[in-house]
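Working notes for the structure below.
Values in this text are rule-based calculations from the coordinates and carry no lab data. All figures in this text were calculated on a predicted structure; none of them were measured in a lab. Cβ placement follows ideal geometry from the backbone for every residue including glycine, while neighbour counts extend to all protein chains displayed.
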């Protein structure tokens, strides 16, 4: 048993702290994600992506030949934790490319695909911005129910159908797309393929969906006879489901270290606020109720931290943590919800003040988290889906649906 | 970073699991709940032969000089089996502070008998209030020029009725300065003026009320020096607390295992009940909390063992242990249905111990307050 980070990893943490102090100048974005909403935020995020790439951090765990530097899983863990804590915009570059497209292409992609698509991601270039289109109006948790069709015609697929809840589509150069290539199969998990879609292709319509906080993350995508070269197929035709499950596991692995960093920052903000805000002539921080709530949140955070360490440790040993990733995703959602609700109780009536208003408390950070957490919890699979995965893969229970 | 147990710890775990499943079956646990001694001296002697009682004692006192983490592993296994008896009070509550604070003479006089399983020890700390706040210690030890005279009561002292010696934490000065006015004494339970009564508890787990009436203690009986009782107290509140958490963590694992097995075999509506989402998600929540507790226990024990600041994390572990143990027992019983509520089922053995695990060494609120101070509130 040993929970120590190496000297190298601690050094990296200091460098990131220093970088954030130098480069952000107060433009940190603690809960991330919404950087893709406003043009000015996006532009700043892209500048940061470039700088993170120049530091060798953006895709540090990738092999050198694709623009990484073969960093260890633990170095990457420290980077994700610390960069999230510091609120460095651009660290995920619209999420998909860094989060799972790169690693999936290394597993399932062709050499040409790797050479073409990986370097722009690693370089923090606009050509490295990806979106991911899985969900459809009738395929949410029942993801295998997708209907968007790709029909092969010589060297091309012709694409027709609709995707929804596609984050970052309005910023993306490429789309990581799940489609149905065979509709005749008896089991709907079969007949699904993964293809790379050039977002500049004719026939794509992007319609923004604003979330209830007024932030533009999601989009609807409509495909009207969009032609995609067969060379853009990833892996094996009709075997996409297996690849997608692996891709989703990559997505969930990063959840704990990343959101732990965010949650750690938010808890600190609340603690400081409680220390400097008086009620009945005494700081809120001296109220036993406030103390106990925040102590409970701190315990949950410490648990999340250890769950994150566990996954990184397993990855570093060459294991493939499947249920752990699902457990962490569900636990993370629980932690974020409790933190957001406790935080909003502590800033009280001010939790309803618009996060950009001059009257917002703590720069609107609590309100932002409060508005975002339900969405975060649904992305990459709902709590219920995660718990189903844990039930089946870890506990050996029958599929409940 | 490494979550794995080392080879020695893995061997200890395997050995403990084998021994306890053989010697300390659930049936035996139930028998001992009804036994007036509350434990099995033969079992304790065998544990001594295996080197468990001397696990963390130095070799020169007949121990094996293992570390705190090894003891964590062992207590996790004892927790899985809810092993009744004075092992915890002797080793976790007393042997560790004896080694830490004892004089050469005290260590030479007492340690080998602990390692050999010849003497049983316990800690007399909390009082009628049940509080683990040092300020609530009222039992007095007054110096009369030749001896200290101890007067007062100690409550919930585990296995005092079986103990040969007690570490008693007393007030030797004024209440206004709790930092300096506590002193720990080693008291022979056969001495005059000491009265021990069993408190009937729901788990029949041998907790006692101990009354002191002019019990004499000499300077040679002081552990850690006059006025240093607070240091002894603080040490116990860290090392023994994390060991209690290890025990609880093991118990939680056992309840989960038992409940999961039942959810797979119990058929209703023609299906195992574990296939119903309401049950399955409850089991997943239990697993998440049980794993989280286990890691938090390992992590805080490692912090303590490696000489780092550990107080906040230990309190986190204790507060979480209290909550998780109660929750997995409640959910465990509910998933079992009516059979889980019956005297015949083992899950009740765990349920009956929730409260003693919760209150010994400080309840959830006590530790949440410590966590709050630790995070800057």
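Compute the Cα gyration tensor for segment A:109-174, then decide on rounded, prolate or oblate, letting a ≥ b ≥ c be the square roots of its eigenvalues: rounded whenever a/c is under 1.5, prolate when a/b is larger than b/c in the other cases, and oblate in all that remain. All intermediate terms of the calculation are to be shown ahead of the outcome.
On the way: a/c = 2.35, a/b = 1.38, b/c = 1.71.
In terms of gyration-tensor shape, oblate.
When only alpha-carbon atoms are used, what values of Rg and Dmax, in angstrom, describe segment A:7-92?
Looking at segment A:7-92, its Cα Rg and Dmax stand at 12.6, 39 Å.
Could you tell me the calculated FRET efficiency between residue B:153 and residue B:31, based on Cβ-Cβ distance and R0 = 35 angstrom, to the nearest 0.05? Provide the component values of the computation, followed by the final result.
Values: r = 31 Å, r/R0 = 0.88.
It comes to 0.70.
Please determine, in degrees from 0 to 90 and to the nearest 10, the orientation of helix B:277-305 with respect to the longest principal axis defined by the Cα atoms of chain B, where the helix direction is its Cα long axis.
Taking the Cα atoms of chain B, the angle to B:277-305 is about 30 degrees.
Semi-axes of the equivalent ellipsoid of segment B:256-376: what are they in whole Å, largest first, if each equals the square root of 5 times a C-alpha gyration tensor eigenvalue?
On the way: eigenvalues 212, 48, 25 Å².
Result for segment B:256-376: semi-axes of 33, 15, 11 Å.
What percent do you get for the relative contact order of segment A:7-92 when only Cα pairs under 8 Å and 6+ apart count? Spell out each step's value before the answer.
Values: 92 pairs, mean separation 37.1, N = 86.
Computed over segment A:7-92, the figure is 43 percent.
Does segment A:140-206 classify as rounded, prolate or oblate by the C-alpha gyration tensor (a ≥ b ≥ c root eigenvalues; a/c under 1.5 gives rounded; else a/b over b/c gives prolate, otherwise oblate)?
Oblate shape, in that a/c is at least 1.5 and b/c is the bigger or equal ratio.
222 nm [θ] for the protein assembly as shown, helices only, -39500 (n - 2.57) per DSSP H run of 4+, per residue, to 500?
Working: 23 runs with 362 residues, N = 778.
Mean residue ellipticity at 222 nm (helix-derived): -15500 deg cm²/dmol.
Is the shape of the protein assembly as shown best called rounded, prolate or oblate, per the rule: a/c under 1.5 gives rounded, else a/b larger than b/c gives prolate, else oblate, with a ≥ b ≥ c the square roots of the Cα gyration tensor eigenvalues? Intermediate values should be presented prior to the final figure.
Working: a/c = 2.44, a/b = 1.91, b/c = 1.28.
Prolate is the answer for the protein assembly as shown, as a/c is 1.5 or above and a/b outweighs b/c.
For a paramagnetic label modelled at 7 Å from the Cα of residue A:152 toward its Cβ, which residues of segment A:188-223 fall within the zone defined by backbone nitrogen distances under 14 Å?
In segment A:188-223, the label zone of residue A:152 (backbone N under 14 Å from the point 7 Å along Cα→Cβ) covers A:191-195.
Measure off 7 Å from each Cα along the Cα-to-Cβ vector at residue B:135 and residue A:40, then give the distance between these two points in nanometres to one decimal.
Once both label points are built, they end up 5.1 nm from each other.
On the principal axes of its Cα set, how long, how wide and how thick is chain A? Give whole Å, largest value first.
Principal-axis extents of the Cα atoms in chain A, largest first: 77, 48, 42 Å.
Can you tell me how much longer the chain between residue A:187 and residue A:141 gets when fully stretched, taken as 0.36 nm per residue apart minus their C-alpha distance, in nm with one decimal? It would help to have the intermediate numbers written out before the result.
On the way: separation 46, 0.36 × 46 = 16.56 nm, distance 1.64 nm.
Full extension of this stretch gives 14.9 nm more.
So how tilted is helix A:39-54 from the main axis of chain A? Cα-based, degrees 0 to 90, rounded to 10.
Once rounded, the angle reads 80 degrees.
Could I have the simple spin-label model distance between residue B:266 and residue A:112, label points 7 Å from Cα toward Cβ, reported in nm to one decimal?
5.9
Over the alpha-carbon set of segment B:50-118, divide Rg by the Kirkwood Rh and report the Rg/Rh ratio to two decimals.
Numbers: Rg = 11.5 Å, Rh = 12.0 Å.
Using Cα coordinates only, the ratio equals 0.96.
Under the definition of Cα pairs under 8 Å and six or more residues apart, what whole-number percent is the relative contact order of chain B? Walk me through the intermediate numbers first.
Numbers: 673 pairs, mean separation 56.6, N = 377.
Reported as a whole number, the value is 15 percent.
If I take every Cα pair under 8 Å that is 6 or more residues apart in segment B:1-160, average their sequence separation and divide by the length, what percent do I get for the relative contact order?
Reported as a whole number, the value is 21 percent.
Helix B:364-374 versus the longest principal axis of chain B: what angle, 0 to 90°, nearest 10, using Cα atoms?
70
Got a sec? Which residues in segment B:270-312 would a label at residue A:2 touch, if it sits 7 Å along Cα→Cβ and we count backbone N under 19 Å?
B:298-309
Let's test the formula: R0 of 35 Å, r as the Cβ-Cβ distance of residue A:17 and residue A:289. What FRET efficiency results, to the nearest 0.05?
On the way: r = 33 Å, r/R0 = 0.95.
Calculated value: 0.55.
Give the Rg (one decimal place) followed by the Dmax (whole number) of chain B, computed from C-alpha coordinates and expressed in Å.
20.8, 79
Taking chain A as a Gaussian network, Cα atoms linked when under 10 Å apart, which of A:65, A:136, A:34 shows the biggest mean-square fluctuation?
Comparing A:65, A:136, A:34 in the GNM, the peak value goes to A:65.
For segment A:254-393, count the residues as N, evaluate 2.2 N^0.38 Å, and divide the Cα radius of gyration by that value, please.
1.16
Return the Rg/Rh value of segment B:122-229, two decimal places, where both radii are evaluated on C-alpha atoms and Rh is the Kirkwood radius.
Numbers: Rg = 13.1 Å, Rh = 13.7 Å.
Using only Cα positions, Rg/Rh for segment B:122-229 is 0.96.
With each label point set 7 Å from Cα along the Cα-Cβ vector, what nm distance links residue B:199 and residue B:341?
2.8
Efficiency by 1/(1 + (r/R0)^6): what FRET value for residue B:59 and residue A:354, r their Cβ-Cβ distance, R0 = 51 Å, to the nearest 0.05?
Values: r = 68 Å, r/R0 = 1.33.
Result of the calculation: an efficiency of 0.15.
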